[in-house]
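Down below is the structure, laid out as structure tokens.
Nothing in this text is a laboratory measurement; each read-out follows from the coordinates by a stated rule. All of these numbers come straight from a predicted model, not from anything done at the bench. For neighbour counting, all protein chains shown are included, and Cβ atoms are generated from backbone atoms with ideal geometry for every residue, glycine included.
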């Protein structure tokens, strides 16, 4: 058989294979996610946000050794501005993501043990903070909008009765 005929047959076969593959792919294409898949993802995000809320208000004892929780300084994540990160922070002398700032607060004001940067608990803290700041205008510095203090009575370090300080009067 002549070389031109062999090349034509190979080319024809290649075109047929590509056409068959393209037809199969278009037939099997679907929406990115089903309603059940979207519900599952939403449930997982909601669970992470809830875990973040629990941690923010003192659910993990090793995050502090002095009774403080994130909520003592940042009730409902006030003045955290997670939507402004990553940003330059003088105490680090570099640009840092929000999770490093959270760990700084855990180690310094709270005197606790830093969380693993890849941990589900740190992701949950971020999920909670970012969730509460969805659609909030980015402000530099501290926000002026503050929320009411937390009414926490069960976390380690929180007094069961009023201390007379701040919102806890």
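Just need the relative contact order of the range 41-134 here, percent rounded to a whole number, with Cα pairs under 8 Å and 6+ apart. Intermediate results must be reported in sequence, preceding the final value.
On the way: 118 pairs, mean separation 39.9, N = 94.
Once normalised by length, the contact order is 42 percent.
What order do you get for 56, 104 when you list them from fewest to most C-beta neighbours inside 10 Å?
Details: 56 25, 104 16.
Neighbour counts put them in this order, fewest first: 104, 56.
Once you put a point 7 Å from the Cα of residue 46 and another 7 Å from the Cα of residue 116, both along the Cβ direction, what distance in nm separates them?
It is 2.8 nm.
Listed highest first by mean packing, meaning other Cβ atoms within 10 Å per residue, what order do 81-94, 29-42 come in? It would help to have the intermediate numbers written out before the result.
Working: 81-94: 12.9, 29-42: 9.4.
For the peptides 81-94, 29-42, the packing ranking is 81-94, 29-42.
Order these by the 10 Å Cβ neighbour count, fewest first: 100, 120. List each step's numbers first, then the result.
Working: 100 18, 120 13.
With the fewest neighbours first, 100, 120 line up as 120, 100.
Treat the count of other C-beta atoms within 10 Å as a stand-in for reagent exposure and order 119, 48 from fewest to most. Walk me through the numbers on the way to the answer.
Numbers: 119 12, 48 19.
Going from sparsest to densest Cβ surroundings: 119, 48.
How much length is gained if the chain between residue 94 and residue 33 is pulled fully straight, taking 0.36 nm per residue apart and subtracting their Cα-Cα distance, in nm to one decimal? Don't jump to the answer; show the numbers that get you there.
Values: separation 61, 0.36 × 61 = 21.96 nm, distance 3.92 nm.
Gain in length upon complete extension: 18.0 nm.
Please label the shape of the range 41-134 as rounded, prolate or oblate, based on the square roots a ≥ b ≥ c of the eigenvalues of the alpha-carbon gyration tensor (a/c under 1.5 means rounded; beyond that, a/b larger than b/c means prolate, else oblate). All intermediate terms of the calculation are to be shown ahead of the outcome.
Values: a/c = 1.57, a/b = 1.13, b/c = 1.39.
Note, shape of the range 41-134 comes out oblate.
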